[in-house]
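Please treat every number below as a calculation from the coordinates, not as lab data. Not measured: the values here are computed from a predicted model. Using ideal geometry, Cβ is built from the backbone for each residue, glycine included, and neighbour counts are taken over all protein chains shown.
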């Protein structure tokens, strides 16, 4: 889901074409104007009333179509500033295989031109001569560079959301965490894996 709560009762979805049955249905059988039953699941959410008090730094890390919920969170954070008065920086790191797969590119670029708190980092993981920006996967070090290491600098901590393929998500969660191979970043970390 890529829409924000204030858009209800309308809801926006971005579904990448694949062989997964729900994706096939969305691309081949769904018809405009037809009633569809949906059911949310999971606990990957952003509530400014809960997350917002004192939040200064929001870091969103997307892999492929994992941008969907993060685009929703990004819009919610930037469009409801009164609920997040201390928010100073929002960073989006977004990796896709090839540049053409970059969902919401135009909308994100538009947001970045009108919102000084927003920084965008687009990456491609395959050779793509059309791709501006960086090449390669997003690393734990890339994310850690966006998070103040000194608790006095960011006493309420940063909030990091990660959504993407399991291999990417697992690698970032382990790399950012407190374990023997982790960086032990002082941030709250929330993540969602998709197939």
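Give the peptides 36-45, 165-174 in descending order of average Cβ contacts within 10 Å, highest first.
165-174, 36-45
Do the sum for the chain: with -39,500 (n - 2.57) for every DSSP H run of n ≥ 4, divided by all residues, what is the mean residue ellipticity at 222 nm, to the nearest 500 deg cm²/dmol? Don't skip to the end; give the middle numbers.
Values: 6 runs with 51 residues, N = 195.
-7000 deg cm²/dmol, from helical runs alone.
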Going fewest to most other Cβ atoms within 10 Å around each Cβ, 67, 138 line up as 138, 67
Based on the Cβ-Cβ distance from residue 167 to residue 13, what FRET efficiency comes out when R0 is 25 Å, to the nearest 0.05?
0.55
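So how do 90, 15, 143 line up by other beta-carbon neighbours within 10 Å, fewest first?
On the way: 90 21, 15 15, 143 24.
Ranking 90, 15, 143 by Cβ neighbours within 10 Å, fewest first, gives 15, 90, 143.
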Exposure proxy check: 91, 114 ranked by fewest other beta carbons within 10 Å?
114, 91
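Given R₀ = 30 Å, what would the calculated FRET efficiency be for residue 110 paired with residue 44, taking r from the Cβ atoms and rounding to 0.05? Provide the component values of the computation, followed by the final result.
Details: r = 25 Å, r/R0 = 0.84.
Between residue 110 and residue 44 the formula returns 0.75.
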With N set to the number of residues, divide the alpha-carbon radius of gyration of the chain by 2.2 N^0.38 Å and report two decimals.
1.04
In nm, what is the difference between 0.36 nm times the number of residues separating residue 117 and residue 6 and their Cα-Cα distance?
37.8 nm
